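Heads up, the thing below is written out as structure tokens.
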């Protein structure tokens, strides 16, 4: 630690005195403060994005993440001076976390959830800074750069966006609510950044505050409605249900965490204190839907029942089965039933969930069903490593199902076990296979710029004509 | 797309030996082209082939893998005169293997017993058989790499390990015993035998290498429906993503040598009987212990009149296996096999001892296949119907068991694969195999293995014991391209390189100089990885 500290002092002096930040972490932070920062970093799930989980070092970045506007690569946030944030002063660190502005003044993309972190208190930022400077191993490796398509590659474009959509600062406690609720809101809206995924985005990729936590698309997955609406949200869950889900990533016969939520459970929620999980649950369970369901009806957690279609094709041969009316059931039996059961009933221990009474098969859209088929499920909790292999294009796909097969399988599952009102077509599967719908913001921006360019060209032409006209006059004069 | 007609390394066969070497070479930066005689199918199709098969033929693994006309392999339905394997001699070398992309690990049980130091020195220690070209400690690091590569689970307790001499832990813990195995283990203990967990290429309760945990479907044979058991098919997509080219439905029928007697090319027939030629810098034959010697013999030319790699006249000789005898035991008390994988424990210590100067050792196992599939027809024959039939099937499922004694066999030059005059669909000769398990193994059954097995059956409280009348084959094909340091008496060297051709490698079971009693795949793969290292270093020098 001392060695690192002395470097921290000497390196800037020796190498680039003029670039030396105003305050460098010369002091040694207390273990208590660093531990507090570590806990907050866990609550903020920094490691999920800032680590390449295929063999990369913690917080060293390099994870490529699909976003609606292109692939964003996470940065090295270890205290490496050459490649990380080792030269950041605490105010610079605070600005990066809460305002999305790097030490060099460039804007971060809001893939970094600074819009949520904006509410974090100065004290917590201080602890986070202490942890990142002295509790994280520096990794002297450069993470690959992010290069988004034009015009998103112009980071300054975020300045206007920030003016519109970035909150101004920490939330004031609501005196009408309990301390637990206020703590829960602080964590859920801040560090845990629930709304980053669970709130739908508008045309400019901003969170639509009017539809807070009512469900949003996240890459290849759909973060469902977690308002307290009894039908579309999780209003049917008890406090204990939600705490259990956050701890384990599953509620038997209701829901399992996959995709980014599996990461959030694996890296973040399961490590939080019982008190904080209860606080988060208390707050989240109080968030109302902007469009509450008037009449109570079946939720996504209790649709469907045990059933099979084996008599339709068994004994006729795979080639016949895959072609006929029962192709979805045939694909299910061949690929899914060995774990989920011939009746899709799952196992009694819940490791293999039933496919009825299951949020993934009975939600308001089919995105998570398609995504689970294509991408599988991968979750590490105290219960062990929950892993469903993928059936997409991956090297470890048990079978690489094509779009027609996935659609056929999904439709069988929806019809027999899930939300019978939904239908999947092969194009829907391709969208998920491609990592989710693309935002048209790039196209819109390009059109906007093109439109601007047309105006500009017109102006230039006009100016040009005028100039040429003058030149002509001049030319005439000179001859 | 450019026609695929050459690569740095050409590998014939896409089974476990071929894919392990292919990955080593791809990782070292070499181009790899693999040629597979049979089709490439999805796991879904194989699973459903098996589930759609009537109960009466479910024991025949080929129902899940019907052979293509151009790539025949043995099936339960074939008549002896039309059979792909033409069998001769006092014992039947009736093997099961499949010519499909991914090879026969599709339907292996996953059992992965290492050899012991003694198993590799039969001649020095007991004056029988052959010594290996190297000792156990030379092979040991390759066993470790195999265990990590395939994902082999096994116990951490040295008292439960076979053999305990090992330099690294298993990547996963052992699987728990079924109720029947728990009982069997207790009973074996009373006789002084230690029934230990099978080390097996199966994800024991945790995912491994991107494959899921075993969920106990208990149909490892003929296929793991979820790929929790390692099979070579699970590697094919990955190899392609790393740049391998895999040709399927392409039957290699000739290995071509040049003036320096190096391998120049191989030729194959496609499914339309059109011939194609593939050239390369180095060649690996990894198309099974029967197909390798057959191909070498078929490729004879003026420079190699006995066949390629056959100046020793040992190609196709020393065909070995693990001759096994099964005791089907009916007990009074229920045992219940069937929870977990189909082979999950065994008694290995009985494979070792000074008696090996006189007769073979044996490995005993309590098969953990769920019994209902085997007993249903017997229950039906009793004329029962309705609840009485259900009750009888249930009773027999619980109260019957198979105890298998698997023996070692010595290499014998007379146990020989030759080319039959009968030909297959493409007009290529069928393999003809003469086989006699030999006095060494027969004597074991008489004075050693059957007496032990009968004592175990008695201790289990058997009220009826049926013993298989003849030795059955274990489908562990070994010996046909035997390894040795002397080019006059062996086909390949210590790296599985052909003595006669410096750029030809023939790794796998064919190279094994002794069989021991445990299943051969782990040793085949260890030899493949050793050969892969040699190939990588040879290519670097090239």
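Observations
- On Cα atoms only, tilt of A:122-134 relative to the major axis of chain A in degrees: 90
- Normalised per residue, the volume of the convex hull around the Cα set of chain B (Å³): 144
- Residue order, fewest to most beta carbons within 10 Å, for A:187, A:272, B:426, B:417: B:426, A:272, A:187, B:417
- Label zone of residue B:273 (point 7 Å out along Cα→Cβ, amide N under 18 Å): in the range B:79-121 this covers no residue at all.
- Fewest neighbouring Cβ atoms within 10 Å first, the residues B:490, B:520 line up as B:490, B:520.
- Helical content alone sets the calculated 222 nm signal of chain A at -12500 deg cm²/dmol, taking -39,500 (n - 2.57) per DSSP H segment of four or more residues and averaging over every residue.
- Relative contact order computed over the range A:301-429 (Cα-Cα under 8 Å; 6+ residues apart), in percent: 27
- For the protein assembly as shown, the Cα gyration tensor yields ellipsoid semi-axes of 59, 36, 30 Å (square root of five times each eigenvalue, largest first, whole Å).
- Residue order, fewest to most surrounding Cβ atoms within 10 angstrom, among A:326, B:322: A:326, B:322
- Helical content alone sets the calculated 222 nm signal of chain B at -7500 deg cm²/dmol, taking -39,500 (n - 2.57) per DSSP H segment of four or more residues and averaging over every residue.
- Helix B:136-150 vs. chain B, principal-axis angle (Cα, 0 to 90°, nearest 10): 80
- Average other protein chain Cβ within 10 Å of Cβ, residues B:203-214: 4
- Percentage relative contact order, chain B, counting C-alpha pairs under 8 Å, at least six apart: 22
- FRET E, pair residue A:434, residue B:165, Förster distance 51 Å, beta-carbon r, rounded to 0.05: 0.45
- Difference of contour (0.36 nm per residue) and Cα-Cα distance, residue A:325 to residue A:209: 37.3 nm
- Gain upon complete extension [residue B:355, residue B:414; 0.36 nm per residue less C-alpha separation]: 18.8 nm
- Shape category assigned to the range B:139-218 from the gyration tensor of Cα positions, a/c cut at 1.5: oblate
- Approximate spin-label separation residue B:455-residue A:311, in nm, with each point projected 7 Å along Cα-to-Cβ: 5.5
- D by Stokes-Einstein for the range A:84-218, Kirkwood Rh over Cα pairs, 20 °C, 1.002 mPa s: 131 µm²/s.
- A Förster radius of 30 Å, combined with the Cβ-Cβ distance separating residue B:370 from residue B:241, puts the computed FRET efficiency at roughly 0.25.
- Each 10 Å bin from zero up to the one holding the largest Cα-Cα distance in chain A carries the following percent of pairs: 4, 17, 26, 23, 15, 8, 4, 2, 1, 0.
- Length-normalised contact order for the range B:466-525 - Cα pairs under 8 Å, 6+ apart - percent: 30
- To the nearest ten degrees, helix B:43-52 and the longest principal axis of the Cα atoms of chain B are 40 degrees apart.
- For a label point 7 Å along the Cα-to-beta-carbon line of residue A:106, residues of the range A:153-190 with backbone N under 17 Å: A:153-160
- Euclidean distance between Cα centres, the range A:300-338 to the range B:311-354, Å: 37
- Prolate/oblate/rounded label for the range A:310-433 (Cα gyration tensor, a/c 1.5): rounded
- Length gained on full extension, residue A:296 to residue A:137, computed as 0.36 nm times the residue gap minus the Cα-Cα distance: 52.0 nm.
- Label-point separation, residue B:485 to residue B:380 (7 Å along Cα→Cβ), nm: 5.9
- Inter-label distance, nm, simple model (7 Å from Cα along the C-beta direction), residue B:190/residue B:464: 2.2
No value in this document is a laboratory result; all are computed from the given coordinates. None of these values were measured; they are calculated from a predicted model. Quick reminder, even Gly has a Cβ in these numbers, built from the backbone with ideal geometry, and neighbours come from all protein chains shown.
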